Amino acid sequence: MQDIQELKHYLGQPRRIVIVTHARPDGDAVGSSLGLYHYLMLRGHEVRVVVPNAYAEFYRWLPGEETIVDHQKSGAAAALLLDDAELIFCLDFNVPARLETLAPKLLKASATRVLIDHHRDPEHFTRYVWHDTAASSTAELVYTFLGEMGELSWLNRDAATCLYVGLMTDTGSFRYSNTTPQTLRVAAALLEFGLDVEGIYERIFHTFSEDRLRFFGHCLVNKMQVFPEHRTGLITVTQEELDQFRVKTGDTEGLVNYPLSMSGIVFAVLLIDRGNLRKMSFRSKGDFNVDQFARDHFSGGGHRNASGGVSTESLEAVQQKFIALLPQTAGLSEIALPPTSS
């Protein structure tokens, strides 16, 4: 970031600060936002986190979570916070459109804006930018941002817990290819705060409701299609099935990864009917670039091995379009897989 010392100087006296992140926030969005929130609070600022809409129940234990303002539930309060802010941190999104209905309020606000993000091709809508696509997560970038300002001594256990959740969830518990030596160095530094690593993992991954577990089982048994010739697994979910299993915000998180656990599968897709939109999650192994696939065909994008897309066509039409694309997808069947033990 250019002028980081200028920003540090600006933060040298108490400010009214808002932190915003993308719609349907995931672990990195919530974790990085709350991690930064705790640091700024310790430095004497007046801080609130504003999210466009709801997030998963299994993030609601994070320290400081109870202070988050949900724009969908409390639109007037969220708008007032943005209007009154002197500084707005924009975390874990590269384009304002990812804020959905909160985007116009962000762009109307007079506050100086700071972007901290690791997605490709960020739009120019902020004064300051701390951006690196090689970073595992926005949580990692928040840590390095504070390090660049010489402010890491102001972190505490609550901040470290939140940032660790961001690292852990965006790296698949440190098993995805975005886990770098720097990622593990940051994780190690956060662990120095005495984090309850086992407890964090349990609260994130082992708190399924009965409905959610039965929904996953239904999808794997009845809704997963496998295309071995194209090394692809597809799960399609209707609106009726979401209602049948009382699926709540966050309940589909992680489902897209299951087809990748099959030997030989390198491309996994979750297609969900969300009423006015069909939403797609893409995951891949190795060199198959789902970010480019999403950009080319489904008005989406994200990361090389984890991306998303949308369509206004019917669920059936999107499914057929996706299946028809598989034989045309260059290199999908030729991607090298790690050798299996004999």
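The values are calculated or read from the model by the stated rules, or taken from the named source; none is laboratory data. Just so it is clear, the structure is predicted and the values come from calculations on it, not from any experiment. Backbone-built Cβ (ideal geometry, glycine too); neighbour counts: all protein chains shown.
Quick notes on this structure:
- Selection within the range 122-147: residues that are among the small types (Gly, Ala, Ser) and within 17 Å of Val165 (Cα to Cα). The member of this set that is surrounded by the most Cβ atoms within 10 Å (Cβ to Cβ) is Ala139.
- Against the numbered list (1) modelled with pLDDT of 95 or more; (2) over 19 Å from Val129 (Cα atoms); (3) outside any helix (DSSP H, G or I), His38 comes up short only at (3).
- Residues being surrounded by fewer than 24 Cβ atoms within 10 Å (Cβ to Cβ), in contact with a helix residue (DSSP H, G or I) (Cβ under 8 Å, 6 or more places away or on another chain) and not in a loop (DSSP other than H, G, I, E, B) - total across the range 8-35: 1
- Residue match in the range 56-75 (condition: farther than 23 Å from Arg212 by Cβ and of a type in the set (S, T, N, Q)): yes
- Screening the candidates Phe193, Phe208, Phe227, Phe216 for the property of being of a type in the set (Phe, Trp, Tyr) and closer than 30 Å to Leu155 by Cα yields one hit, Phe193.
- Residue pairs whose Cβ atoms lie under 6 Å apart, sitting 6 or more positions apart in sequence or on different chains, and linking a residue in the range 60-78 that is within 24 Å of Thr207 (Cβ to Cβ) and in the same structural domain as Leu155 (by TED's automatic domain parsing) to a partner that is at pLDDT 95 or above and part of a loop (DSSP other than H, G, I, E, B), are Gln72/Asn53.
- Phe227 vs. criteria within 27 Å of His206 (Cβ to Cβ), in the same structural domain as Pro327 (by TED's automatic domain parsing) and of a type outside the set (Gly, Ala, Ser): no
- Filtered residue count, the range 189-212, keeping only those that are part of a loop (DSSP other than H, G, I, E, B) and hydroxyl-bearing (Ser, Thr, Tyr): 2
- The number of residues in the range 203-222 that are loosely packed, with under 12 Cβ neighbours inside 10 Å and either in contact with a Pro (Cβ under 6 Å, 6 or more places away or on another chain) or closer than 15 Å to Tyr59 by Cα (or both) comes to 1.
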